[in-house]
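Asker: What follows is a structure written as structure tokens; I'll ask about it next.
The values are calculated or read from the model by the stated rules, or taken from the named source; none is laboratory data. All figures in this text were calculated on a predicted structure; none of them were measured in a lab. Don't worry about glycine lacking a Cβ; one is built from the backbone with ideal geometry, like all the others, and counts go over all protein chains shown. With ligands, DNA and RNA removed, areas are computed over all heavy atoms of the protein, side chains included. Shrake-Rupley method; radii C 1.70, N 1.55, O 1.52, S 1.80 Å.
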Amino acid sequence: MAARAIREGAPTVSNDVQKDESLIFGKMHAQSGVRSLAVFPLMVSDNPIGVLALYTSKPEFFDAAGLLLLTN
């Protein structure tokens, strides 16, 4: 997810890591108690310089309103 956020310059979200088959480390996150994950690119002069990853034990945590708030 971090690579995709950097490549696309946009947040990536998985609201249920236990069921998201596109995640490479989904099982590892689930075993650690993570259920939702959002990764935001950190941009400087329109260039990604890193990411900010937010994890929670709550499924379906990141909704449209919350993502809008976090991206602004």
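Asker: Restricting to segment 1-50, name every residue that is more than 13 Å from T71 (Cβ to Cβ), open to solvent by 30 Å² or more (accessible area, probe 1.4 Å), aliphatic (A, V, I, L, M) and modelled with pLDDT of 90 or more.
Answerer: Hits for segment 1-50 are M1, A2, A3, I6, V44, I49.
Asker: Sticking with this structure for a sec: Look at segment 15-43 and say how many of its residues are of a type outside the set (K, R), outside any loop (DSSP other than H, G, I, E, B) and without any contact (Cβ under 8 Å) to a residue 24 or more places away in the chain.
Answerer: Final tally of qualifying residues: 5.
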